[in-house]
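**Student:** Quick one: the structure is below, and I'll ask about it shortly.
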Amino acid sequence: MICPKCGADNPEGTLFCEECDWRQDMPFRAAKKRNVNTLSLAVLACGVLSVALAFFVAMAGAAVGAVGLIVGGYAINAVRIVKPVNQNVLMVASAAGLLLSMIGFILGFANL
């Protein structure tokens, strides 16, 4: 009998795995690993880009700002839920990116 968690071969009729003590009749789903560092920095970059584009190509600045607003909302919640070691820094980066995306979005439409 193959363990659903570690893949160890156990004798038939074994209730718990001999290697990892996982219950054999329970399915195993690995936890999702979210990279909130990259997500927070991407939101910050998106915010800076939207403000810069808003002055030169107004519609592109508004579009990048809209993407930053959507992803920024997700990034702030992801950092809050995952609770990484550098949570405060990532929250500030996500909030700054969200704010800059909002400014870029508004400036993009104002410069049309």
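**Student:** Of the residues ALA52, ALA8, only one is of a type in the set (A, V, I, L, M, F, W, C) and more than 30 Å from ARG80 (Cα to Cα); which?
**Tutor:** ALA8
**Student:** Could you give me the residue pairs with C-beta distances under 7 Å whose first residue belongs to the range 79-102 and is within 15 Å of VAL43 (Cβ to Cβ), whose second residue is surrounded by 14 or more Cβ atoms within 10 Å (Cβ to Cβ) and hydroxyl-bearing (Ser, Thr, Tyr) wherever it lies, and which are 6+ apart or on separate chains?
**Tutor:** Matching pairs, first to second residue: VAL79/SER40; VAL79/SER94; LEU90/SER40; ALA93/SER40; SER94/SER40; LEU100/SER50; SER101/SER50.
**Student:** Just to be sure before I move on: is SER40 under 30 Å from GLY108 (Cβ atoms), in contact with a Phe, Trp or Tyr (Cβ under 8 Å, 6 or more places away or on another chain) and among the polar types (S, T, N, Q) in the structure I sent?
**Tutor:** no
**Student:** Let me ask something else. Assuming GLU18 fulfils every condition listed in (1) in the same structural domain as TYR74 (by TED's automatic domain parsing); (2) part of a loop (DSSP other than H, G, I, E, B) apart from one, which condition is it?
**Tutor:** Unmet condition: (1).
The values are calculated or read from the model by the stated rules, or taken from the named source; none is laboratory data. Note that the coordinates shown come from a computational prediction; the quantities given were computed from them, not determined experimentally. Virtual Cβ from ideal backbone geometry, glycine too; neighbours counted across all protein chains shown.
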